[in-house]
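The values are calculated or read from the model by the stated rules, or taken from the named source; none is laboratory data. Given the structure is predicted, the values throughout are model-derived calculations rather than measurements. Note: ideal-geometry Cβ built from the backbone for every residue, glycine included; neighbour counts use all protein chains shown. Note: areas computed on protein heavy atoms with side chains; ligands, DNA, RNA excluded. Shrake-Rupley method; radii C 1.70, N 1.55, O 1.52, S 1.80 Å.
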Amino acid sequence: MPGQAIDGEPEWAPGVSTVPFRNLSRAALVRTSARLNLGFDSVELVRIQRYYMRAGREPTDLELAGLAQSWSEHCSYKSSRVFLRAAFGKLQSARRVLGTGDAGVMKFEDGFAYALRIESHNHPSAVEPYGGAATGIGGILRDILAVGAKPIALADPLFFGPLDRAREQLPPGVKSPRYLFDGVVAGIRDYGNRVGVPTVTGGIYFDPQYVVNPLVNVGCVGFLPRARLLPNRARAAGDRLVLVGGLTGRDGIGGVSFASRELTERSETESRGAVQLGNPIMKEPLIHACIEAFDRTLVRGLKDLGGGGLATASGELVHAGGFGSEIDLDRVPLRERGLLPWEIWVSESQERMLLDVRPNDLSALLAIFRRWDVPATDIGRVNRGSIERIRLGGVAAGTLDVGFRVAPTPRRRPTRAPRSATRRPRARVPDELLAELIRDQTLAPDSVSREPVIRVYDHEVFGHTILKPLQGQVTSPSHGDAAVLRPRTESWKGLALTVAAQPWACQEDPRGGGRWVVEEAARNLYAVGARPDAFTNCLNFGNPEDPHVLGQFAAVVRGLAEGARGLDFAIPSGNVSFYNGGLGAEIPPTPVLLATGIVPDVRQCTSVDLKEAGNPLYLVGASRPELGGSLWARRNGLRGQPIPPTHPARLRHMGEALLSLARSHALRAVHDVSDGGLALTLLEMAFGSGLGFSVDLAATGLAGPGLAAVGEGASRWVVEVDRTLVPMFERQLRAEPVARLGEVIATGGHFRWTDRTVADLDLSELYTAWRDGLRWT
């Protein structure tokens, strides 16, 4: 039982200190927590005090450090757990979901599975962008490896303030968005390329609300034979605990505590040491050695050493199996001398895993890691009972009930339901000067080509990337909706990956915005010929102690669940990142999805680029006049506008019809209508092809050409149809809202309103400006 009397230790190991706790007042406890940078609130401090009063002794600094990591928001999900369980608890499909540990695991085809996970490295990247982003990639690779999967693809959704924000406009202690952007991209490039895992999807978003607190989310997908699937729990008393990978140093100490509070103007100086140091050259052989050990069934369970280091990994591993442990800290290989016991216990040094190994398999396992030149050390054992005993030189450094440490009671914080935004009169998009309006939308920072960034990432390594992030002509590519991988050369079955985010819609209507994000992910997958299968979510929000923020969070997760239910998405994994903000600033609600879909045959994928002049262009889905959260509304400073309604079940029905038509080769190109509206969708299709289009915007049924060009109604695609198969196309979609827009032409972008030309664009000149609009230096 938590708090039961435990035999007190008459003598602690050298370097271990006791902390007066039992007789302190609540105010004194709070001061002690602040002085030691532990991050506990008064309720938690009283609970810890009662535990030690029952134990009849004072806590050690090592014990308190371990508790601080495990009880942090980052590790415990103490403020979000109740909402996540209520929304997502009944969504999992036993038919498809194989595991929900450090990464979600989904069925792929007979004998094989894939793993997916997304994480955040927001605060470290705000302080040290290169190292923060690089170690974010390192951490997500370990999450995938921790279920027995080999990482095969990376994703990088990134959010920054405007790149042209002048230094004098920045709050004290805040780095310029340009500096952060350059450092983050370089960190992702260097780590991902050097470890040899392709970055195939992602997103880059700009908004002043991310000036203080940028968001660096990183996702990964792995592949594995189902027989290799491993649990994140210890399997038997007497098993050995083997630490493998990098050496332990002082970097990353207190990382999860840093991530569980808002940024301040002192974060640069006070928390730089909380940023870990990545080593991709160690990570690659670590992956190979682990996979070989997995295939030889030498590993029974494992955890990666991420937030909270050895303390969190060992505690969660044994507690999940119903055991305790004994850890010998003097066996932990160190990178530097002089580390105190508590520093060894909570260091977040990178490239480390903790393996549960049978005693009889220990020598064989150590031999594998020696051959790969990767450190591997037996540091302890799994014990019966629920007590963890941490020793140094044979003398106790800490003794705790592991359940008390790693499974804190969820916090039921107050929420305030999001108020309906004051709805201003519906904004009118001007119909005049439409060519200038479309050009402004096309060359906006959120619209211009991401090619300069995509090109510095290796998205070809492994040779599995069938449909790439840049699609169309090699010399003039455009953005794709999703990437498609062929994980096994023995099969034509494919796995599609895409990223979706719409923080501006979530800011206007959190619940509706949550559904919108799921719909966007599904549209991207259907567009390439994939049936939506699963998504993992990174939920980026402000301070959960603010009832308004937690109310937004509760509404968004309800919307995500509703979208998942309507579109038959499984949600096998996810991450919550709170405390994004500070210095009086707060990010908008930013749920980010890494979504996957199954492609029955990668030879039947559809891309975004137009294929042949003379083919008709159709708009699939109903157009709506609402502009809330749209690029046009943002560029005109409009808030309080309603967002377009979503219909996940109807979208699924249309998506299934598109899949059928793709299998019949009726669709030559498909692109979903999203940020920037119909005009930008058509331009991106033309940019990648060298062809043009002629369309009638009146076919949308909207009130004017301006609204028709920029509206972002949430459930639409533009499709190019093989002109010989038009009857099949129209017959298949006769029950759906479908409108013929126009046709593919040899050159130019021609927009009409019935019989009147409203914009005539030189696509060559516009493409050059669009392609050069974002420069990474």
When every residue in segment 473-487 that is assigned to a loop (DSSP other than H, G, I, E, B) and at pLDDT below 95 is compared, the one least open to solvent (accessible area, probe 1.4 Å) is Thr475
* Does Arg352 meet the test of being of a type outside the set (A, V, I, L, M, F, W, C) and open to solvent by 10 Å² or more (accessible area, probe 1.4 Å)? -> no
Segment 707-777: strands (runs of 3 or more DSSP E) wholly inside it with 2 or more residues that are open to solvent by 40 Å² or more (accessible area, probe 1.4 Å) and more than 23 Å from Gly480 (Cα to Cα) are 749-753, 756-761
Taking segment 648-679 and keeping only residues that are of a type outside the set (S, T, N, Q) and under 26 Å from the mean Cα position of the chain (by Cα), one is left with Pro648, Ala649, Leu651, Arg652, Gly655, Val670, His671, Asp672, Val673, Asp675, Gly676, Gly677
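Condition check ((1) within 31 Å of the chain's Cα centre (by Cα); (2) among the charged types (D, E, K, R)) across all residues:
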position: Pro341; (1), (2): no, no
position: Ser347; (1), (2): yes, no
position: Ala376; (1), (2): yes, no
position: Val395; (1), (2): no, no
position: Pro408; (1), (2): yes, no
position: Arg412; (1), (2): yes, yes
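A quick yes/no check of all residues on (1) within 30 Å of Arg85 (Cα to Cα); (2) in contact with a Ser or Thr (Cβ under 8 Å, 6 or more places away or on another chain); (3) in a helix (DSSP H, G or I); (4) open to solvent by 20 Å² or more (accessible area, probe 1.4 Å):
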site	(1), (2), (3), (4)
Phe404	yes, no, yes, no
Pro414	yes, no, no, yes
Pro425	no, no, no, yes
Val429	no, no, no, no
Glu436	no, no, yes, yes
Asp440	no, no, yes, yes
Cβ pairs under 7 Å, 6+ apart or interchain, first in segment 339-360 and under 18 Å from Ile144 (Cα atoms) and among the basic types (Lys, Arg), second assigned to a loop (DSSP other than H, G, I, E, B) and open to solvent by less than 20 Å² (accessible area, probe 1.4 Å), ordered by first then second residue, are Arg352/Gly246; Arg352/Leu305
Looking across segment 609-654 at residues that are among the basic types (Lys, Arg) and within 19 Å of Glu520 (Cα to Cα), the single one that is surrounded by the most Cβ atoms within 10 Å (Cβ to Cβ) is Arg624
Scanning segment 348-388 residue by residue, those at pLDDT 95 or above, in contact with a Ser or Thr (Cβ under 7 Å, 6 or more places away or on another chain) and within 14 Å of Leu310 (Cβ to Cβ) turn out to be Leu354, Gly380, Glu388
Checked against (1) modelled with pLDDT under 95; (2) surrounded by fewer than 18 Cβ atoms within 10 Å (Cβ to Cβ), Asp601 satisfies every condition except (1)
Subset of segment 204-217, residues in a helix (DSSP H, G or I) and open to solvent by 10 Å² or more (accessible area, probe 1.4 Å), comes to Pro208, Gln209
Per the filter on segment 218-237, residues within 21 Å of Lys107 (Cα to Cα) and in a strand (DSSP E or B) are Gly219, Cys220, Val221, Gly222, Phe223, Leu224, Pro225
Selection from segment 22-42 of residues hydrophobic (A, V, I, L, M, F, W, C) and without any contact (Cβ under 8 Å) to a residue 40 or more places away in the chain yields Leu24, Ala27, Ala28, Leu29, Val30, Ala34, Leu36, Phe40
The residue that is surrounded by the most Cβ atoms within 10 Å (Cβ to Cβ), considering only those in segment 48-94 that are basic (Lys, Arg) and in contact (Cβ under 8 Å) with a residue 12 or more places away in the chain, is Lys78
All-but-one check, Thr409 against (1) surrounded by fewer than 20 Cβ atoms within 10 Å (Cβ to Cβ); (2) in a helix (DSSP H, G or I), failing number (2)
